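Before any comments, here is the structure.
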């Protein structure tokens with residue numbers, strides 16, 4: 001909506017006035033592509049998503065089975081640690097909170113953290129309170145269209161800020177591209193970028209970009 005009404009500078013000033021631009025961020029009207037490693041191939045006949053760890057029963061969904069799960073849409077502002085922010089982005093997919101609330105995933109009382117397992121062994125960690133909030137989504141679509149391969153097709157985690165809500169908002173890297181597994185854990189385990197020195201909490205409003213300095 002803002003893109004249609006204003007140019008970039010005017011839009012940035014508007015979200016600043018609304019308190020939606022975190023410290024150190026700048027608005028972009030593009031959607032930059034950032035990831036480590038190559039874009040993986042996708043075969044819908046062999047693709048699976050495994051749910052394991054601190055769960056009552058392990059679950060493995062095929063691509064067809066995953067697409068039959070309850071779906072939802074969320075509009076969020078997203079903030080990358082490389083200092084760009086994109087506003088009013090529209091995502092569609094499956095809410096992890098819904099899967100837990102409706103019994104598709106049955107967590108053990110010991111579950112406290114989520115580790116997103118992605119292609120090529122890439123991992124991203126989140127506390128369960130963030131993973132089960134409405135601003136975290138297992139996304140298949142962006143802006144009404146399937147994700148592009150560069151942005152995580154067929155499935156990625158997405159975390160952002162829902163305007164007017166107070167859910168904790170980490171930087172955008174805390175949603176992993178090319179998801180293949182969801183591991184629920186009793187103890188936290190650092191993901192790929194966290195092991196490389198990025199902040200484990202990654203709160204955008206506190207500008208928690210790096211673990212040190």
- Item | In segment 157-171, the residues that are surrounded by fewer than 24 Cβ atoms within 10 Å (Cβ to Cβ) and either in a strand (DSSP E or B) or touching a residue at least 60 places away in the same chain (Cβ under 8 Å) (or both) | 161, 162, 163
- Could you tell me whether residue 21 is modelled with pLDDT of 95 or more, closer than 23 Å to residue 162 by Cβ, touching a helix residue (DSSP H, G or I) at 6+ places or on another chain (Cβ under 6 Å) and not in a helix (DSSP H, G or I)? yes
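The values are calculated or read from the model by the stated rules, or taken from the named source; none is laboratory data. Owing to the predicted nature of the structure, the values given are computational and were not obtained by experimental measurement. Cβ coordinates were reconstructed from backbone atoms using ideal geometry, including for glycine residues, and neighbour counts include every protein chain displayed.
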